[in-house]
1. Applying the selection to the range 325-357, what residues are more than 24 Å from Leu75 (Cα to Cα) and surrounded by 18 or more Cβ atoms within 10 Å (Cβ to Cβ)?
2. Which condition from (1) of a type in the set (Asp, Glu); (2) in contact (Cβ under 8 Å) with a residue 40 or more places away in the chain; (3) in contact with an Asp or Glu (Cβ under 8 Å, 6 or more places away or on another chain); (4) loosely packed, with under 15 Cβ neighbours inside 10 Å is the one that Asp284 breaks?
3. Got a sec? Which strands (runs of 3 or more DSSP E) wholly within the range 309-397 have at least 3 residues that are touching a residue at least 24 places away in the same chain (Cβ under 8 Å) and more than 16 Å from the ligand (Cβ to nearest atom)?
4. Go through the range 218-231 and give me each residue that's more than 7 Å from the ligand (Cβ to nearest atom) and outside any loop (DSSP other than H, G, I, E, B).
5. For the range 204-216, enumerate the residues that are of a type in the set (Gly, Ala, Ser) and open to solvent by 40 Å² or more (accessible area, probe 1.4 Å).
6. Answer yes or no as to whether Phe254 is aromatic (Phe, Trp, Tyr), in a strand (DSSP E or B) and touching a residue at least 60 places away in the same chain (Cβ under 8 Å).
7. Given the structure, is Leu195 more than 22 Å from the chain's Cα centre (by Cα), surrounded by 20 or more Cβ atoms within 10 Å (Cβ to Cβ), within 9 Å of the ligand (Cβ to nearest atom) and not basic (Lys, Arg)?
8. Which residues, counting only those in the range 85-111, are buried (at least 17 other Cβ atoms within 10 Å of the Cβ) and in a helix (DSSP H, G or I)?
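The values are calculated or read from the model by the stated rules, or taken from the named source; none is laboratory data. Everything numeric here is computed off the predicted structure, so don't read it as measured data. All Cβ positions, glycine included, derive from the backbone under ideal geometry; neighbour counts span all protein chains shown. Note: areas computed on protein heavy atoms with side chains; ligands, DNA, RNA excluded. Shrake-Rupley method; radii C 1.70, N 1.55, O 1.52, S 1.80 Å.
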Amino acid sequence: MPRTGTVPWMIDQTHDVAVLGLGGIGSAAFAALARRGVDVVGIDRWAPPHEHGSSHGQSRIFRIAYFEHPDYVPLARASSRLWQELDDRNPERIFVRTGGAWIGAPDCEIVAGSLLAATRHDLEHELLDAGETSHRWPALRPPDGSICFHEADTGVICPENAIAALIREGREAGGQLRTETQVDRIDHEGNDIVLETTSGRISVNRLVVAAGAWSDRLVELPSVRLQVTRQLLGWVRPQDPEPLREGRLPVWGFDDEGDSFQYGFPICAGFPGPTGLKFARHSDGVPCDPDTVRRTIDGDDEAWLLQHLAERIPAAEGPLTHASTCLYTLSEDRHFVLDVHPDNPSVTIACGFSGHGFKFCPILGEALADLALEGGTKHPIGFLSCGRLKQAGNEGP
Ligand SMILES: Cc1cc2nc3c(=O)[nH]c(=O)nc-3n(C[C@H](O)[C@H](O)[C@H](O)COP(=O)(O)OP(=O)(O)OC[C@H]3O[C@@H](n4cnc5c(N)ncnc54)[C@H](O)[C@@H]3O)c2cc1C
């Protein structure tokens, strides 16, 4: 029954909670809410998993010794357990522990930052010199004088398989889906939130906005400024794939001595998508509009992707067989924004994942369910609140 304050004949559906956006973050929130028996609807403009947002491309790195900031470590630890459980419960291959090798000068962010997080949280790790690194993984060619930070608990998550499993689990627990349904506007009518969509109006008590690159088009977020950027992923067909398979190659990253680093994955069996070795480069990227971003790949893109690859992993030398684009949504300090909306406690927001959010989906799904239902959470996400961005300088957590 529609609730007081709505116009009954215009509302197609009523639910307690809506999750707007079913990428990695929203599908985890949808599953968490449905498992708790909440009357939840998950809405997406496309049919997830899809290639239009930020949660596609076969693989995402999972790691615990978090070089971006040690405060993420408890969330990564909790996610590790939840990913493993999701993988165990589902037929798709979702999470593979491969180990991770972060290589660069001793004081570069990916080495020094990982070491800081590991030391502060007493995480198991090893530091290897260049000779020890290439002895352990003969496919890698670390530069002389570099250090490798190795974490055995690092692994690979398949985003397409993860999202499919989360949405299926949410549906099996009673969650409703409205896919291929775009939310055009969010209105407040009395205590109700009314979503104007391309397939009718949906009235809810509470809303979780996990709309990735489109978040600030849907909800005004005082103090939060987001920038969407174009990112590239590539696959090569190596002449000899054997030394590049899981078990023989870890997740790897090489510092670029600048504001980017090149990284990639071992070849994992059972993941959908292109064959071959997948690699990419983490950098801020080029600002873009998520609706008109160029999805085609040109020669400059190829050169940017392939730069240094054969030098760092000679066995990976081979033709670029596939490349695609993906979106980062950068917050000003490159940390997530996860909070109850400062002006409206019925709305919870999750955005600004800044190119490193996927690994936290299961724990953030739980935290978002807590925020939506109770207005707070026991999970340590205080450092990701909107409030930090009000402070001058936006120096992060
Ligand atoms: C190239 C690349 C590599 C990455 N590598 C890693 C990694 O190794 N490890 C890691 O942890 N993270 C990584 N990330 C980051 C991670 O993938 C993202 O932080 C995460 O996927 C963000 O998920 P999301 O749910 O916020 O956004 P999205 O997946 O984009 O989901 C948002 C959803 O909202 C929907 N939506 C938007 N507007 C509307 C509307 N009006 N109506 C209905 N639906 C709407 C969209 O259709 C979409 O499905 C990477 C990202 C990229 C791009």
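1. Thr325, Cys326
2. Just one mismatch for Asp284, condition (4).
3. Numbers: elements: 320-330, 337-341, 344-351.
Counting at least 3 such residues, we get 344-351.
4. Within the range 218-231, the first condition is being more than 7 Å from the ligand (Cβ to nearest atom), and the residues that meet it are 219-230.
Gln227, Val228, Thr229, Arg230 - these are the residues of the range 218-231 that are more than 7 Å from the ligand (Cβ to nearest atom) and outside any loop (DSSP other than H, G, I, E, B).
5. First, the residues of the range 204-216 that are of a type in the set (Gly, Ala, Ser): 210-213, 215.
Once the filter is applied, which keeps residues that are of a type in the set (Gly, Ala, Ser) and open to solvent by 40 Å² or more (accessible area, probe 1.4 Å), the range 204-216 yields nothing.
6. On the way: aromatic (Phe, Trp, Tyr): yes; in a strand (DSSP E or B): yes; touching a residue at least 60 places away in the same chain (Cβ under 8 Å): yes.
Here the answer is yes, as Phe254 does meet what is asked.
7. Numbers: more than 22 Å from the chain's Cα centre (by Cα): yes; surrounded by 20 or more Cβ atoms within 10 Å (Cβ to Cβ): yes; within 9 Å of the ligand (Cβ to nearest atom): yes; not basic (Lys, Arg): yes.
So Leu195 passes the test.
8. Leu86, Asp87, Ile110, Val111
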